[in-house]
Amino acid sequence: MAWTVPADWLDTVLALAQRSQQAVQAALHAVGWLPDVHGQPAWPWAQRLAAEVLAQEPQLARQATALLAYVLGLGVLALLALRWRWARWALAPALLLVATAAPWSALALLQAPAVPTSWHRSPTGFTVQSITQGAHIYQQQCVRCHGANGKGEGPDAARLPMWPPTLNGSLLWKRLEGELFWRVRHGMQGAAGAQTMPAFAHLTDEQIWQVLDYLQAHAAGQLLRDTGAWAQPVRMPQARVHCRNTGATSVRQLQGQRLRVVLGGTATALPPDDPRLVTVWAPALPVTDGGATDIAECTIEEPQALPVLAWVLGQTTDAGQDVPQAVQGAQLLTDRSGWLRARSAPGQGDWSEDDLVCRSSTPSSAAPGPAPAGPTADGLESLIRRMDSEPVRLRRGGYPHG
Ligand code: HEC
């Protein structure tokens, strides 16, 4: 029987691997040995631990853990040897044991090429504004090769030494965001060293993070359109809101609650309040009349939110297009952690579990409790129970990404 690695165990190993690399970086930075690059501490080595292979190959994950245990054990013994004589005697045989028995061959596979910005985190916060700015930059700088729809069929693509890859699949999630940043900022080379993608040194750091936000929103939408699901969790974009009851002023402040985001439509078509959710309205036009902003529980104050949400739903191919009819009146549900989990089409009746488009890759072993009987047992109720009992996790470059 194949030995499978429980997902939680693997997540712990991956989180540990990530934290220890970041801790080393932070420590070296704190004592002044590491410079800042692009606004954050630089990663000093050309290698890092490869989480991608760990996540895919349980065999390697086990070997890596064994290796770590051997090396840690040796470290502890070395510390003891500073104090006690017996430990000094044990040191040489222990060293021999580690040198011969530890699965060192795993080491080569555990390394991935790194760049100074490998561990950089995007400072944008995935906002409506950054995604919108990113769309403009994409139009100006990237469309000629990557194409309006991100499939790599732009007007200049055929003249390049290699075709640009499609940015619509899972490619973006296979990378650490800091490494995507580096590739856009410094360009890419093929195996022979020839340039395959130009560097974008004339863009500011912020602009590069913004265009990556747009790519992610757009790719999420294309994935949803092509596969009917978000294989990777997508965050509800941050935006300014006006909330009638709580006084919250941003989507971020609503985290911890489930949101029902209503796209466009008219104020009169808004669904009635529901105690299980906070209704957030993304109107097509800015609601200027003071009273009208109180119609929904919360109203997004940025009209750009609607086209951004349309991209996330895969409903436009060209940035800057008008919002298509298909999203007017559509709804999205987020879980309490801010992940977009379910969508419903305009005019759809009650929710059902089928609307869950971002599912847990590892269904929780804890079965959801018994369905409540009586009039409250509606489709929304069962959808909420699924969402709550099956949390999702985002990985980037194989590492957990909160
Ligand atoms: C001159 C054509 C060209 C332009 C302009 C261009 N790209 Fe690329 N891009 C490419 C090619 C070719 C590749 C594949 C390179 C490779 O794999 O070596 C690529 C790859 C990528 C990748 C995938 C990187 C990876 O990790 O595999 C991303 C992301 C990307 N480009 C983003 C952008 C962004 C953002 C812009 C605009 C700021 C842009 N590109 C502009 C040609 C271009």
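Per-structure values
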quantity	calculated
Residue match in segment 285-300 (condition: acidic (Asp, Glu) and either in contact with a Pro (Cβ under 8 Å, 6 or more places away or on another chain) or closer than 18 Å to residue 327 by Cα (or both))	no
Segment 174-193 - residue that is modelled with pLDDT under 95 and open to solvent by less than 60 Å² (accessible area, probe 1.4 Å) and, of those, farthest from the ligand (Cβ to nearest atom)	193
Residue 165 vs. criteria assigned to a loop (DSSP other than H, G, I, E, B), within 7 Å of the ligand (Cβ to nearest atom) and either of a type in the set (Gly, Ala, Ser) or over 23 Å from residue 49 (Cβ atoms) (or both)	yes
Count - residues of segment 58-79 that are farther than 23 Å from residue 23 by Cβ and without any contact (Cβ under 8 Å) to a residue 40 or more places away in the chain	1
Residues of segment 243-275 that turn out to be in a loop (DSSP other than H, G, I, E, B), modelled with pLDDT of 90 or more and over 26 Å from residue 323 (Cα atoms), as a count	6
Within segment 214-248, tally of residues that are open to solvent by less than 10 Å² (accessible area, probe 1.4 Å) and among the charged types (D, E, K, R)	0
Selection status of residue 225, modelled with pLDDT under 95, among the basic types (Lys, Arg) and under 27 Å from residue 342 (Cβ atoms)	yes
Pairs, first under 20 Å from residue 135 (Cβ atoms) and open to solvent by 40 Å² or more (accessible area, probe 1.4 Å) in segment 146-167, second within 6 Å of the ligand (Cβ to nearest atom) and of a type in the set (D, E, K, R), C-beta under 8 Å, six or more apart	155/144
Wholly within segment 50-148, helices (runs of 4 or more DSSP H) carrying at least 2 residues that are away from the ligand (no atom under 16 Å from the Cβ)	51-56, 58-81, 85-101, 105-109, 128-137
Count of segment 197-209 residues which are touching a His at 6+ places or on another chain (Cβ under 9 Å) and open to solvent by 20 Å² or more (accessible area, probe 1.4 Å)	4
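The values are calculated or read from the model by the stated rules, or taken from the named source; none is laboratory data. Keep in mind that what you see is a predicted model, and the values were worked out from it rather than measured. Heads up, the Cβs are rebuilt from the backbone with ideal geometry, glycines too, and the neighbour counts pull from every protein chain shown. Ligands, DNA and RNA are stripped out before the accessible areas are found, and what is left, the full protein with its side chains, is counted by its heavy atoms. Shrake-Rupley method; radii C 1.70, N 1.55, O 1.52, S 1.80 Å.
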